[in-house]
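Please treat every number below as a calculation from the coordinates, not as lab data. Predicted model, so just to flag it, every value in this text is computed and none were measured. Positions of Cβ are backbone-derived with ideal geometry, glycine not excepted, and every protein chain shown enters the neighbour counts.
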Amino acid sequence: MGALTTSSRGPTRVVRLTPAGRAAVTSLLVDGPVAIELVDQHFHPARPPALCDTRPRQIRYGRWGEPQRGEEVVVAALDHERVEIHCHGGAAAVAAIVRELETSGAEEVPWNEALAPLATTTGDPIRSAAGEALARTTTRRTAELLLAQYHGALRAELEQVLQLMADEDGGNDDGAKDGSAHEGGEAAATRLDTLLADAPLGLHLTEAWRVVLAGPPNAGKSTLINALVGYDRSIAHAEPGTTRDVVRAAAAIDGWPIELADTAGLRTAGDSVEAEGVARAEALLREADLVVVVFDLAEPWGDEQAALLRSWPEAIVVHNKSDLVDALLDPRPAGLRLSAQTGEGLDALRQQLVDRLVPTTVAANQPLLFTRQQIRSVSAARESLPQDPAKATRHLRVLMSTPQSPDRI
């Protein structure tokens, strides 16, 4: 087969095909009229020929940048205008490749913009939005739920609602609605209410729940967050108050993405630096989806601990360092007794986190609203339904037929 050629159509773009986060391999797509030429400037195959003289879809191994010491990559030209690059998943390696392609004239385009034409091609903006969201999932469980939306779970549910609303908007010739029409309207309202009630879960398919650990200094919050994520993400010291800033760590618990935040110990600040850390902690606590208050079993229960607990009455209460005490030395509120050091009680804490964040059973093919625009449209439809079913219908039909731009997702 002869050398690959290019056309003069459109710009050349580079798109990250794999989601953000840790990965052994990252895949990039260079898409456009001079894709092969741009890649050829930086790719040195282990053996001839050059990429431009390679058969379409032939897999080539080589190095990026320097022929002998450059980053190892695997490259394949899918057709005349699309080249895939597969490299090590480290952020620095990926950024270097993208930067060099941009220097050569390519433009990096986010996944959501690259997928924008998909809605026109498929005629299904919900499917397009699900495809964009899939690129931002971080666990298998959330990916499977979004894949169900991609394959039509949400669209099918909205079509059922539209049918029920059509019955509600029907009625007799004199404008009176019979009993079945009224029942259809009630059923449509119930289905919309269910979608809206489950909407927080849908948003968290791509946005991790924010769980903040708070408590007095030296209660073992840093050690606990390290134990929950399985590696040393935060610095733990015996000296009280070591953690003065917010430290975040990503975790997956029972398949749900959770961002754990380890805050400065909450107490009266002793200096301006410490005061800033406490202020950041308090701001983060106000924005959290769930708060875990950690107390030290080896420290006496006092007014400061009681005041902290009153500030966050809905928090999960953890009494840490159970390995250091044989029995409770003083009366204290009920809570989960555990040891971040030995692991005792960690499974129970993980289960409590899941039970609080996802309190209902989630079916594999459950329809879910997963973008803010979807939530706004369904909320508007639900609000209009009792008095104006036709207006409610329009809200849903617009949602099901109008592509969602990235800033509306």
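List of remarks:
- For region 277-387, with +1 on Lys and Arg beta carbons and -1 on Asp and Glu, the positive-most of Gly302, Leu338, Ala288 along the dipole: Ala288
- Asp193/Val25 FRET efficiency (R0 60 Å; Cβ-Cβ; nearest 0.05): 0.90
- Of the trypsin sites (Lys or Arg not before Pro) found in region 13-96, the ones in coil according to DSSP and having at most 13 other Cβ atoms within 10 Å of their Cβ are Arg22, Arg57, Arg69.
- Packing, taken as the mean count of other beta carbons within 10 Å per residue, orders the peptides 344-350, 141-147 from highest to lowest as 141-147, 344-350.
- Between Ala91 and Arg69, the FRET efficiency estimated from the beta carbon spacing at R0 = 22 angstrom works out to 0.65.
- Separation of alpha-carbon centers, region 344-409 and region 124-163, rounded to whole Å: 11
- The HN-Hα couplings worked out from phi for region 138-143 by the Karplus form 6.51 cos²θ - 1.76 cosθ + 1.60 (θ = phi - 60°) are 10, 9, 5, 4, 5, 5 Hz, whole numbers, x standing for Gly and Pro.
- Column: log10 I(q)/I(0), Debye, Cα scatterers of region 13-109, q = 0.11, 0.23 Å⁻¹: -0.26, -1.26
- Amide H contacts under 5 Å for Glu299, placed H, 5+ residues apart: none
- 5 angstrom amide H check on Leu17, placed H, neighbours 5+ away: Ser27, Leu28, Leu29
- Phi-based couplings in Hz for region 381-395 (Karplus 6.51, -1.76, 1.60; Gly and Pro marked x): 5, 5, 5, 7, 4, x, 9, 9, x, 5, 5, 4, 4, 4, 4
- For a modelled paramagnetic label at Thr103, 7 Å from Cα along Cα-to-Cβ, the residues of region 30-57 in reach, with backbone nitrogen under 12 Å, are 42.
- Taking region 13-109 and dividing mean pair separation by its residue count, relative contact order in percent (alpha carbons under 8 Å, at least six apart): 33
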